[in-house]
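Contents: one structure, followed by commentary.
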2 protein chains.
Amino acid sequence: MSSTDLRFADRAAHRAFLEREAPLPAGFRVGACGLEFLPAELPRPARMNLLLIALDRPTPSFAARFTRNAFPGAPVVLGRRRLDAPTVGALVVNNKVSNVCAPGGLEAAERVCAGAADLLGLAPEQVLPASTGVIGWRLPVERMIEALPAARAALQGSSALPAAEAILTTDLYPKVRRAAVGEGSIVGFAKGAGMIEPNLATLLVFLLTDLAVGREALRAALATALDQSFNRISVDSDTSTSDSVFLLSSGRKPLPAPGAFQEALARVCADLAEDVVRNGEGVHHVLRVAVSGAAGEAEALAVGKAVVNSPLLKAAVNGNDPNVGRLLCAVGKVAGAAGMGLDPARVVMRVGGEVVLQGGDMRLDPATEQRLVAHLRKAELYASAPSASGIFKPPIDHPPHERCVEIAIDLGMGWAAATVLGADLSHEYVTENADYRS
Amino acid sequence: MSSTDLRFADRAAHRAFLEREAPLPAGFRVGACGLEFLPAELPRPARMNLLLIALDRPTPSFAARFTRNAFPGAPVVLGRRRLDAPTVGALVVNNKVSNVCAPGGLEAAERVCAGAADLLGLAPEQVLPASTGVIGWRLPVERMIEALPAARAALQGSSALPAAEAILTTDLYPKVRRAAVGEGSIVGFAKGAGMIEPNLATLLVFLLTDLAVGREALRAALATALDQSFNRISVDSDTSTSDSVFLLSSGRKPLPAPGAFQEALARVCADLAEDVVRNGEGVHHVLRVAVSGAAGEAEALAVGKAVVNSPLLKAAVNGNDPNVGRLLCAVGKVAGAAGMGLDPARVVMRVGGEVVLQGGDMRLDPATEQRLVAHLRKAELYASAPSASGIFKPPIDHPPHERCVEIAIDLGMGWAAATVLGADLSHEYVTENADYRS
């Protein structure tokens, strides 16, 4: 999926890469600040970041896609309503509290947007909200409105990196990707580490461009790009209540050709989606599952998702254990449950280029086993090193490389194909999620 | 689901319970032995148990249900073929190697059955096979045939417990359940700890009865009982390639009333299914999710399964963290993806009897939080205690109690309901599965 094959020796090298990707397109400014508050739900204080993304001039060219979860957060509800607004001038974004099913959540989102609009000389409906964090908690509206001037004071038009940093929660590092097209560019940044199997969108993704693309073309381009990127990843199979992707155009630069924009947008989305998986909670290995020979694209996607969502396969990969029987189990589970009419004798499965299933039989021997172990070890991002008290914390603050565990499955049924990215299951994931809020 | 509310102070108390449940119905004998072999796939020896279940006289009254996984094991393929045999006289069962997609697997299963038939004076097609263990490995056929006489020599008609022990793999303890009906009884035993979200059957379950029930009635009774028990549990969402449930009647005792048999069978299946979840790999908490107010039973089941299969909710429960936002996320994910048309304002969610969502809002405050934590702690089977090297091993060899984390979800849409059992996600699960084979 990724268009690059990067290696980062350390955090500084990764940081230099992010800075190269981060120059903001013309017409945008971003500014963030932190604030402390006392949640109504827990007897201890918490910290939140507040981010403003502002256009120099309101634009009619904006697009957004939201989660299909049946309990959408208040910012998603409000964002959907404002899709029909004539123009948008700013986004106001916070982490720590997702404002989902919180009493008075919609009014809270409206008040924060109104506060930002007031500061920026906009109408309230020209501001779109986005929130990520704990579900069910109430937004600290007063504290956020008090903090907005500090975010406005921080507004600058040179780098997206402070914005990419402000929206993080359990992410280990920021994620920024850029593509140049003619005189203009597309810059995207994303947050997301857990509760990730997007359905029409992913946690929070912001795509900014100065290329002149009209509203309808922009929305069509976003839908196409998402279907091939964020809708084909899963960290832990949980579709968030807050997934939101925004694409805004300031229209400052001429578009050389429509195809160039779609291609660049697809690349930025694919790269960011892979970044999100690689920085998924507790991820040691990224799995790239290329399914081919399916009767239809939906079947190919279902098989790929079933593989990357199999806890047993994920745990085996985590241990560099090429227990490929679990790969077969995962494919067989979804094919059987969906009545695909799979013929085991026509299926070919490869891991790291090695054939492990063909003609209905697995091909396992000690030499193959050794090569598979080597492939898994090469794709590992880091090894677990628990503290004496059994606490597992990822020892990395940057992605050391962009290698994947490469799984190829030819179903032998038809001509449709899909590639899905996923992650392994580790002690670090359990540690992170057994007590995330404390 | 369980008809009893048992507590076991220690392994001896649990053992005494199992012995009370284990008396074999008239007309059955079981015998097991161990053997060592060298797998063709790995350069180190392994151990296997071999079990014979023999009827004193072949019976036409037998039923079996098998996995819907599209890569069924050779014993499943052979078992399906033999469902039409006039009579069955024995089962031959092994652990360690599941004989799934192994080269020559069907012939290997046939040869082991033929060896058992030869010893017991039966025709080969009167013997049904069942295997559980690693996928893709070949059965050590010669070693198994050499060992069969030892299993036959061990045949006895008093207790099912040696059989329940012989079939274990990563299970912590054996699982046996019994129901008396008139002069006769039904005794069931099961193995299963991982790769468990049965679809029409579960790993290996053997149900033996001396009650006189004809073949067709027996098969209908089994289908009904499974749909309400083993088809409503999930340890880790992975549907095995080997799931098989067998029900055999020796016909030695009169059946007082058909309804009594169905009821007793349902109870044995429900109790065994809960035992399987409680003894799931790394399970610290059993989750009982009662979904009501659904438009149809399929929707209720889908919502229950989505809840017990949410890695984020499972990890939170593991840490006794009442992060109920993840419950909402899981319900919203499946309701949104399936287009159920859920109205968040009509949904009521309870955990441990506490209302956590009503009227579209979550009800969270520090006092509720404390009561939820207490409920989770009370349902915990054991606390994690990693070794200095970070290895997590369950410290129990029996189930200390039968309490569950009680989750109730009223969807507010209709009148259908379903109860699903599931498990949390722990370090012990990751440890078990990151390198199961070594």
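Gyration tensor over the Cα atoms of the stretch A:3-64: the corresponding equivalent ellipsoid has semi-axes (square roots of 5 times the eigenvalues, largest first) of 30, 24, 11 Å. Plainly put, the tip 7 Å out from Cα toward Cβ on B:ARG47 is 5.3 nm from that tip on each other copy, the closest given first. The angle separating the long axis of helix A:105-120 from the principal Cα axis of greatest extent in chain A is about 60 degrees.
DSSP assigns beta bridges within the stretch B:286-434; of those with both partners inside it, close to 75 percent run antiparallel. Axis of helix B:258-278 versus longest Cα principal axis of chain B: the two differ by about 70°, to the nearest ten degrees.
When you count the other C-beta atoms within 10 angstrom of each residue and take the mean per peptide, B:107-116, A:141-150, A:55-64, B:71-80 line up highest first as B:71-80, B:107-116, A:55-64, A:141-150.
Taken as Cα centroids, the stretch B:359-438 and the stretch A:357-395 sit 28 Å apart, rounded to the nearest whole angstrom. Note on B:ARG15 and B:ARG215: their simple-model spin labels are 4.2 nm apart, each label 7 Å out from Cα toward Cβ. Taking chain A as a Gaussian network, Cα atoms linked when under 10 Å apart, which of A:ALA102, A:ALA338, A:ALA163 shows the biggest mean-square fluctuation? Ranking A:ALA102, A:ALA338, A:ALA163 by mean-square fluctuation puts A:ALA338 first. Across the copies of the chain, A:ARG15 has label points (7 Å from Cα along Cα→Cβ) spaced 6.1 nm apart, shortest distance listed first.
Rounded to a whole number of µm²/s, how large is the Stokes-Einstein D of the stretch B:11-278 at 20 °C and 1.002 mPa s, given Rh as the Kirkwood radius over C-alpha pairs?
The estimated diffusion coefficient comes to 119 µm²/s.
Modelled spin-label separation between A:ASP365 and B:ARG7, with each label point placed 7 Å from Cα along the Cα-to-Cβ direction: 5.8 nm. Label-to-label distance for A:GLN358 and B:ALA295 is 4.7 nm, based on points extended 7 Å past Cα in the beta-carbon direction.
Distance between Cα centroids, the stretch B:32-104 to the stretch B:289-329: provide it in whole Å. The stretch B:32-104 and the stretch B:289-329 have Cα centres spaced 35 Å from each other.
Ranked highest first by average number of other Cβ atoms within 10 Å, how do B:185-191, B:421-427 line up?
In decreasing order of mean packing, B:185-191, B:421-427 become B:421-427, B:185-191.
Each of A:HIS285, B:HIS375 was scored by other Cβ atoms within 10 Å of its Cβ. Arranged with the fewest first, they read B:HIS375, A:HIS285.
Under a 5 Å amide H cut-off, with hydrogens placed 1.01 Å from N, B:SER250 pairs with B:THR209, B:ASP210, B:LEU211 among residues at least 5 apart or on other chains. Label-point spacing for B:ARG81 across the identical copies (point 7 Å from Cα in the Cβ direction), in nm and ascending order: 6.6. Placing a label point 7 Å from the Cα of B:VAL77 along the Cα-to-Cβ direction, the residues of the stretch A:330-356 with a backbone N closer than 17 Å are A:332-333, A:336, A:341-349. Tell me what chain A gives for mean residue ellipticity at 222 nm when only DSSP H runs of n ≥ 4 count, each as -39,500 (n - 2.57), the sum divided by the residue total, rounded to 500 deg cm²/dmol. Value at 222 nm, helices only, nearest 500: -10000 deg cm²/dmol. Pairs of alpha carbons in the protein assembly as shown separated by more than 48 Å make up 24% of all such pairs.
Considering amide H positions built from the backbone, and no H for Pro or chain starts, which residues 5 or more places from B:VAL356, or on another chain, come under 5 Å of its amide H? Answer set, sorted by chain and number: B:MET349, B:ARG350, B:VAL351. Its Cα gyration tensor gives the stretch A:101-235 an equivalent ellipsoid; the semi-axes, largest first and in whole Å, are 26, 21, 16.
Every number here is computed from the coordinates shown, using simple stated rules; none is lab data. Since the model is a prediction, treat every value here as computed from it, not as a measurement. Glycine gets a Cβ as well: all are built from the backbone with ideal geometry, and neighbour counts include every protein chain shown.
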